[in-house]
Amino acid sequence: MTEKESDIEKIVTGCLQNDRLSQRQLYDRFAADMFWVCRRYTDSVEEAEDIMMEGFMNVFKHLDTFRGESSLKSWISRVMINVAINHFRSSAGKRMEVSIEDMDLKEEGDVSERITTTLQVEQVMELVREMSKGMQVVFNLRAVDDCSFSDIAKILNKSENAVRNTYMRARHFLMERLRMDDVEGRTFE
C-alpha cells in the first residue's frame with residue numbers, strides 16, 4: 001500500500017466515524033476535481049457549487065457503501081454525477097426532447113480531431129453549455145464520463161435509441177459550431 005493510499009484509508013476511516021477533520025481532509029483533497037465534474041452538468045458556477053455540496057453530503061452519508069472496487073475519486077465522481085442528474089431530472093419544465101433525424105456527419109473525423117487536439121477543455125465545455133440541457137447531460141455522460149448508451153438510457157429512463165440520437169445531435173451541434181467559427185474567422189486557440 002502506498003503512502004497516498006494509506007492516507008486516504010485513514011481519512012475514510014475518520015469520515016466513517018464522523019470525524020469533522022477527516023471530512024474536511026476528504027473534501028479538500030477532492031473538491032477541485034469534483035467541482036469540474038459538477039460544472040459539466042450545470043449552467044452556472046453557483047449551480048455547480050450547490051450540486052457539489054449536495055454531492056459531498058451524499059458522499060459522507062453513504063461512504064460506508066464504498067467497497068474499493070474503484071478508486072475513491074472515481075466513486076466520489078459517480079456520486080457527483082448522480083446528484084447532477086437528479087438535479088437535471090427535478091428541474092421544473094426541463095425535459096429532454098429528442099427528434100429522430102438523419103445526420104450528415106461526413107466530416108466527423110476532421111472535426112472530432114480538432115476538438116481533441118486544438119481546443120482546450122474549458123472552451124469545449126463553453127460550447128457544450130450552449131446545448132439544450134438534455135444534450136449536455138447525454139454528451140457529458142457519453143463523451144466525458146464514458147458511460148455506455150445502455151447505461152445512460154437506464155440513468156435517464158429513456159430508450160437507448162433516443163440516447164444515441166441525442167448524442168449524435170450533440171456531436172452535430174459541436175461540429176456546426178466549429179464550422180461557424182471557422183467561417184467567421186474565429187479560433188479558440
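Nothing in this text is a laboratory measurement; each read-out follows from the coordinates by a stated rule. In this text the structure is predicted, and so the values were computed from the model without any measurement. A quick note on method: Cβ atoms are made from the backbone with ideal geometry, for glycine too, and the neighbour counts reach across all protein chains shown.
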Inset, instruction - Report the FRET efficiency, 1/(1 + (r/R0)^6), for GLU126 and GLN17, where r is their Cβ-Cβ distance and R0 is 35 Å, rounded to 0.05. - result: 0.25
Inset, instruction - May I ask you to evaluate 6.51 cos²θ - 1.76 cosθ + 1.60, the Karplus curve with θ = phi - 60°, for each residue of region 128-140 and list the ³J(HN,Hα) values in order in whole Hz, giving x for glycine and proline? - result: 4, 5, 7, 6, 5, 4, x, 5, 4, 4, 5, 4, 5
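Taking the Cα centre of region 3-90 as origin, work out the dipole magnitude from +1 charges on Lys and Arg Cβ and -1 charges on Asp and Glu Cβ, in debye rounded to 20.
180 debye
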Legend entry - Protection proxy ranking, peptides 160-169, 144-153, 81-90, average beta carbon neighbours within 10 Å, highest first: 160-169, 81-90, 144-153
Inset, instruction - Give the peptides 51-60, 70-79 in descending order of average Cβ contacts within 10 Å, highest first. - result: 51-60, 70-79
Inset, instruction - Could you work out how far apart the two model spin labels at MET57 and SER44 are, taking each label as a point 7 Å from the Cα in the direction of the beta carbon, and quote it in nm? - result: 1.9 nm
Inset, instruction - Note down the nm distance, to one decimal, between modelled labels 7 Å out along Cα→Cβ at ASN161 and at PHE66. - result: 4.2 nm
Legend entry - Exceeding the 22 Å Cα-Cα cut-off - candidates LYS133/LYS154; LYS61/LYS133; LYS10/LYS61; LYS133/LYS158: LYS61/LYS133
